[in-house]
Amino acid sequence: AELLKDYKQGDKVIQLRLEEGKELEYCLDPKTKELPPLRNPDILVGENDLTALSYLHEPAVLHNLRVRFIDSKLIYTYCGIVLVAINPYEQLPIYGEDIINAYSGQNMGDMDPHIFAVAEEAYKQMARDERNQSIIVSGESGAGKTVSAKYAMRYFATVSGSASEANVEEKVLASNPIMESIGNAKTTRNDNSSRFGKYIEIGFDKRYRIIGANMRTYLLEKSRVVFQAEEERNYHIFYQLCASAALPEFKTLRLGNANYFHYTKQGGSPVIDGIDDAKEMVHTRQACSLLGINDSHQMGIFRILAGILHLGNVGFTSRDADSCTIPHKHEPLTIFCDLMGVEYQEMSHWLCHRKLATASETYIKPISKLQAINARDALAKHIYAKLFNWIVDHVNKALHSTVKQHSFIGVLDIYGFETFEINSFEQFCINYANEKLQQQFNMHVFKLEQEEYMKEQIPWTLIDFYDNQPCINLIEAKLGILDLLDEECKMPKGSDDSWAQKLYNTHLKKCALFEKPRMSNKAFIIQHFADKVEYQCEGFLEKNKDTVYEEQIKVLKSSKFKMLSELFQDEEKALSPTSATPSGRTLLSRTAVKPAKAKPGQASKEHKKTVGHQVKLHLESLPFDRCFVFLYRFDEKRAVQQLRACGVLETIRISAAGFPSRWTYQEFFSRYRVLMKQKDVLSDRKQTCKNLLEKLILDKDKYQFGKTKIFFRAGQVAYLEKIRADKLRVACIRIQKTIRGWLMRKKYLLAHLGTLALTSVHLPLTRSFSCESTFCLLMLREHKAIIIQKHVRGWLARVRYRRSLKAIVYLQCCYRRMMAKRELKKLKIEARSVERYKKLNIGMENKIMQLQRKVDEQVNAPRVNGQKSLIILGSQDASCSYFGIIYLVTETMEKKLVEETKQLELDLNDERLRYQNLLNEFSRLEERYEDLKDEVNLMVVSGLKDSKIMCCLWTRQELESENKKLKNELNELQKALLEKSSPVVTAPGAPAYRVLLDQLTSVSEELDVRKEEVLILRSQLVSQKEAIQPKCLAQILLGFCRLLESQLQSQKKSHDNELEALRGEIQSLKEENNRQQQLLAQNLQLPPEARIEASLQHEITRLTNENLDLMEQLEKQDKTVRKLKKQLKVFAKKIGELEVGQMENISPGQIIDEPIRPVNIPRKEKDFQGMLEYKKDDEPKLVKNLILDLKPRGVAVNLIPGLPAYILFMCVRHADYLNDDQKVRSLLTSTINGIKKVLKKRGDDFETVSFWLSNTCRFLHCLKQYSGEEGFMKHNTPRQNEHCLTNFDLAEYRQVLSDLAIQIYQQLVRVLENILQPMIVSGMLEHETIQGVSGVKPPGLRKRTSSIADEGTYTLDSIIRQLNTFHSVMCQHGMDPELIKQVVKQTFYITGAVTLNNLLLRKDMCSWSKGMQIRYNVSQLEEWLRDKNLMNSGAKETLEPLIQAAQLLQVKKKTDEDAEAICSMCNALTTAQIVKVLNLYTPVNEFEERVSISFIRTIQMRLRDRKDSPQLLMDAKHIFPVTFPFNPSSLALETIQIPASLGLAFISRV
């Protein structure tokens, strides 16, 4: 609304005018006297990010969402780190693969809000920061959480791909139908509501491709199995089973209609409109098969589910108040027992009885009918929960990957805050979980704000935000609601009423968040962060204990049905709340089995088994990283409630408490430059902005200056916008005033001059009145004479005209007759088509013959001489009509011929495109085959390594056996020493000691010899390297030598380390020697016998240890020396080959002593035949030097274009001359394979791909030109015709080369696209080529890419420079002009498609000024085409959709005439694109107007009959079919000489 009258303090009423034009008197609240909240300026209405709003309050948020959802049809909006989505309840075309490709690789703030943007941000942060990510999807039932989670997973599957051939992404997506069937149900708000929380971890490998997934489930609503409210259903799987009951394989389940079973008929709504449960069952079974759940397991699942349904129909009859019974041979129970494989008597007994245990004895007690029904329902819930967990485990096994997981992205799909008319234990658990999530969310938002302030060095003031810790304490703290509930569950006679009284006594009037309803003693109220919720206490204890009798479980455990017994075999393990299943999934909703006898310490265990305690445990480990929220529908009250429930308004409040609006200095200067005078503009932008703000905003607390941004309090941007708008309005009024004054002055001066002219003419008129009468008589006579002359002259002119007309008609007839004869000759040549058109024009020939006969009669009939001219004219008219008919027939035939030709051309293009796509797929499969081949080779190599390891192990076993032999020898030596009993043996000078020293010395000498050999070889390598290192030594040789040197240095270092270790060993031996001498001295003091025994024992031990150590060292040294010798031999051989190759590559001018090679001196006396001869053994060298090792840049600059192609063809000619088919086939195959290898190795280099595309085409043209076929020999010289191939027809190889050229062209297009892709959006859309035209909008928390050019930012000049580079490279390589045109056309198509796609996905780019920028950028590209003489390439036409989109942004969009003009102008845009641009159109200044909804509807009505694609985005990956028009060469083959730089000295000219 707009104020009509200024507000003054004390006014009780405000005069307002609403947007619709109505006037309103708004009465203020007499108590608070609060004014209505202020509206944001137009520039901020409809903003992508709610935090970018200057005024942040609930009405502004709702209005912004309404404008985006209702007016612009945009369902997504950012709110800081949150993505807010409004469920449109219809399928929108914004989730296709083209949209995924558009968002892939983009920054989150650069595109319009979308779930794909959040998924891309998570994927990018996982890859960039190497941190696991999580996404939380929250909202009320029916908000679209599950669908949105599926879209996120589909995005990951599309952008990453799978690392294996098992289609992991398909399995991840296939898990959704299974989980929906067993975990989703119809509620009053949603036909497909998820009744459990789901957390899926999508695993990625090191290359960030999907390799597997893992699922965890939370809060399964088991009570739905046994009870459904009105208009609700049980889980879908039960109704799918009932709908498929007639299938042959389901006959044994004995199912029927859903209304027959108690567990499926309670809601009274067994059918969902538009859903066929039988078809859904087919989808469910298909998904199970895809995930590896075989048919037997599937039938086992359905058998258990059918048993649950039959169990629900089991009825009880009361015998008395405390006991009940089941009728004999009760059919539902009989079917249940048959399906479950259990005894009827046991199950019927334990359904009506329970076992009680005391300290001394155990006895069986009957139970009442109500207790029996509750026990039956508890058993059904328990079986379903077990089955649910079993299915989740098997899904996880199918999604599990054998490849090691490097990182993961988690998607948490959990229902949000819930409040109903009756809220029970389920809503309590859900809302408790949301309280915990909200606490983490608030802390995360607060932390982000703090980090932003600290990064910009803004003084940090504590922001007061809502902390829901008191509410969490009320629920989970000691003596909290959950604690009291668990305590009551342990009481023998605990009840819901007694628990409610405990709650009142503990918390009422002591906790502000806890209240008691006025009219109830069995309910309580909790003030949650979102709303007050009243919970009914009835059923809390039973649901929290979730108890099932152990005797019933034992009956099921003893089942003959194997799958059922598997569900319960690990009961005790599953009951432990800290245990996890083998898949790592921690269960939340488990069922506690009540034991027959209490044991010591049972109280603590029972406490852990309660559902409430499990909820508390698992909420502590919930992931949190980023969150997006889904609203139920756009209803103001529900929207506000959900915005509060999901924390969006709290996020806004936290932002508003600080500095919500943030501008960079450059953006602020560009926007508010109009508020500055010329003298205020300084070179320092930061100081300029400071000076301006100090003048405009006096309160310095309203803004802060950071390092790179200016921070504003709420409302300040709106204030600045008002000042700017007022300044512009004053300027507009001044311009209008000046122009209007100039126009009025001009009008006045004209009137003044006219007045002066009339005044000067008035006096002479009176004097000349008498003369005028005489003059009038003379004029009258003259006029009459002129009339007579006119009629005479007209008669004469008519006579001449008739005579000329007759002559002209006669000439026309003669000329037409001549042309008709010529046309007749052409028509006779085209006999077939004539015959066809004769059939189409039956009877036309008869008419022509009749006319001919009449003409003949008129010519032959006698006539009077006076009528001869008439007869001639009549015959001429008849012949004219005759030839006119022939002309009409011919023209019709020509038109149809042109139409058919066009249609055939279109069909040909389609076939060509289809064929080239097949070639592309073939090349991809070929690359895949090569990769697999390399992997197999690696596996073979690893197998060889394994065999080497086995050899080493075998060698080790041999050494161990030798070691045993040495030990035996030592034992013999010990015996000999004992026999001799000589103390001298152990002395240092003893023979044994000397032997060991000799062995050590020999080992050291051997080591020194090996080291010397290594050093000698190293010096030889260095000297060889210095000897062959001339100035022209290639860079790769230097790198190789450095590599060798580094390896030798590392080997030297390792040997030095080993030498040092050996020296240490020698030192230790010396120390040991000294110690031995001391021991010897001590032994001398002992008695002789003891002395001998001690010294001998010690010496034997020492010798054994030393011998083992020395043997081990010797073994290591031998291995090392052998390895070094082998490596040095290999390296020496490689260096020798490189030396030879390098010497061959040295040009003749650089070798002084060598004579110049004869190949470089053309001998005039010899007549060359344009052939090159080479030996068969030199073919690999030819391919290596001419293809594999050739550098395109040197060839393109110094030599003739296409030289490699000419050389290869001349070699083919010589092989053809020799009639050697094997040589021809081998050379052509090696050439094609060599080109493929080069492109695989350097396929991302534009020069390389362009070079080989040019040479492949030239080679193809040579094969055609010299093939001997007449069609290709027209432009040849006689000499060239003599060079044609004589023996072989290479048409098949021409086809292979053509296919190769197509593959190279497609690779060239991909390289072009990869180079241009980062430049297009920045240069064509974001950069302001015309400075000052585009307005800058205030950014939100999601910062967009600035339109101001910074260093490293791509501009339009960057794109044009890159296009110049492409064009010059292709021209240097001698690429065919027609092929260059096709490349340029494809390049311009990619540029236009990417630009238009981004325009359609960015609301901030759809403005009048941006349309002007785009038109200017397109004109610059057209100018480039004119400069390069490429206007006829068709490139300009590919930009037509972008040009029309820019015009659409600039044209007037108000009246019906405007709509008609838009429809006729935008013929290259689809209806969806036109409507999207109009919906996104956003005024940047206040003088622009938004497009009305009625105008958009008018456009849609006018375009409803247009038949075009419903796809929104252009296919930027589309590649036009390429053709290679024949382009003969005028170059004579005999004049081509081979430069020495190519290293082809082994080839000789013939």
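Here are a few things to note about the model shown:
- For segment 1394-1450, the per residue solvent-accessible surface stands at 30 Å², with DNA, RNA and ligands left out and a 1.4 Å probe.
- Peptide packing for 34-46, 790-802 was compared via the average number of neighbouring C-beta atoms within 10 Å per residue; ordered from the highest value, the list is 34-46, 790-802.
- Protection proxy ranking, highest mean first, for peptides 1373-1384, 260-271: 1373-1384, 260-271, where packing is the per-residue count of other beta-carbon atoms within 10 Å, averaged.
- Taking Cα centre as origin and charging only the Cβ of basic (Lys, Arg, +1) and acidic (Asp, Glu, -1) residues, the dipole magnitude of segment 484-572 rounds to 340 debye.
- The residue list 1367, 1401, 1391 was ranked by how far each Cα lies along the charge dipole of segment 1340-1473 toward its positive end, using unit charges on Cβ atoms, and 1401 comes out on top.
- Accessible area per residue in Å² at 1.4 Å probe, computed on segment 1-109: 54 Å²
- Expressed as a whole percent, the accessible surface of segment 1379-1525 that belongs to carbon and sulfur atoms is 50, based on a 1.4 Å probe.
- For segment 462-572, with all protein chains in place and a probe radius of 1.4 Å, 49% of the accessible heavy-atom surface sits on carbon or sulfur.
- The packing ranking, built from the mean of other Cβ atoms within 10 Å per residue, places the peptides 1454-1464, 1231-1241 in the order 1231-1241, 1454-1464, highest first.
- A 1.4 Å probe run over segment 666-759, with the rest of the protein chains in place, finds 67 Å² accessible per residue.
- Relative contact order (%) - criterion: Cα under 8 Å, at least six apart; region: segment 1364-1453: 44 percent
- Its relative contact order, with pairs defined as Cα atoms under 8 Å and 6+ residues apart, puts segment 182-263 at 27 percent.
- Sequence-separation-based contact order of segment 648-754, relative, with Cα cut under 8 Å and 6+ spacing, percent: 32 percent
- Of the solvent-accessible surface of segment 327-397, computed with a 1.4 Å probe over protein heavy atoms with every protein chain present, carbon and sulfur atoms account for 51 percent.
The values are calculated or read from the model by the stated rules, or taken from the named source; none is laboratory data. Since the model is a prediction, treat every value here as computed from it, not as a measurement. Using ideal geometry, Cβ is built from the backbone for each residue, glycine included, and neighbour counts are taken over all protein chains shown. SASA here: full protein model, heavy atoms, side chains in, ligands and nucleic acids out. Shrake-Rupley method; radii C 1.70, N 1.55, O 1.52, S 1.80 Å.
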